[in-house]
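Have a look at the structure below, then the notes.
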Amino acid sequence: LFIPKSSFQVLFMPLPGLYPLEGKPGRILAAAENLILLTIFALGVAGAARSGLEPRRMGLLLFFAAMAAGSSLLEFDLGSAGRHKLMYLPMFFPFAAEEALRLIRGKEPA
């Protein structure tokens, strides 16, 4: 159970309430950014769950899973983790966009 916890830590920390922000502007901005990323990730998970298991979709998901697992085992610093997640977190953006369009339109995207 270490990898899910550490993956969350690497992908979304600092978050308000889970990490001491201490009124520091940099931490507050990072927490706000991570709240947005957490929302995009949640939409992406919902979109990935609804989408079919096409090879190109699976490629994005497997790349994301491999990079997140590797980062969760090897990242010790939130600063470097924040920079490194910018390489693989966008793999969820197509799924999030698809789910956001579905929610906005109230139906399945074309």
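Since every read-out is calculated from the coordinates, none of them should be taken as a lab result. Predicted model, so just to flag it, every value in this text is computed and none were measured. Every residue, glycine among them, receives a Cβ derived from its backbone with ideal geometry; neighbour counts consider all protein chains shown.
Could we say that Leu35 is closer than 17 Å to Leu89 by Cα, without any contact (Cβ under 8 Å) to a residue 24 or more places away in the chain and either under 11 Å from the mean Cα position of the chain (by Cα) or surrounded by 13 or more Cβ atoms within 10 Å (Cβ to Cβ) (or both) here?
For Leu35, the condition - closer than 17 Å to Leu89 by Cα, without any contact (Cβ under 8 Å) to a residue 24 or more places away in the chain and either under 11 Å from the mean Cα position of the chain (by Cα) or surrounded by 13 or more Cβ atoms within 10 Å (Cβ to Cβ) (or both) - is met.
Which of the following residues is out of contact with any Gly (no Cβ under 7 Å at 6 or more places or on another chain) and without any contact (Cβ under 8 Å) to a residue 40 or more places away in the chain: Ile3, Ile104, Ile40?
Ile104
Looking at the stretch 58-81, is at least one residue assigned to a loop (DSSP other than H, G, I, E, B), touching a residue at least 40 places away in the same chain (Cβ under 8 Å), in contact with a Phe, Trp or Tyr (Cβ under 9 Å, 6 or more places away or on another chain) and of a type in the set (Ser, Thr, Tyr)?
Within the stretch 58-81, not a single residue is assigned to a loop (DSSP other than H, G, I, E, B), touching a residue at least 40 places away in the same chain (Cβ under 8 Å), in contact with a Phe, Trp or Tyr (Cβ under 9 Å, 6 or more places away or on another chain) and of a type in the set (Ser, Thr, Tyr).
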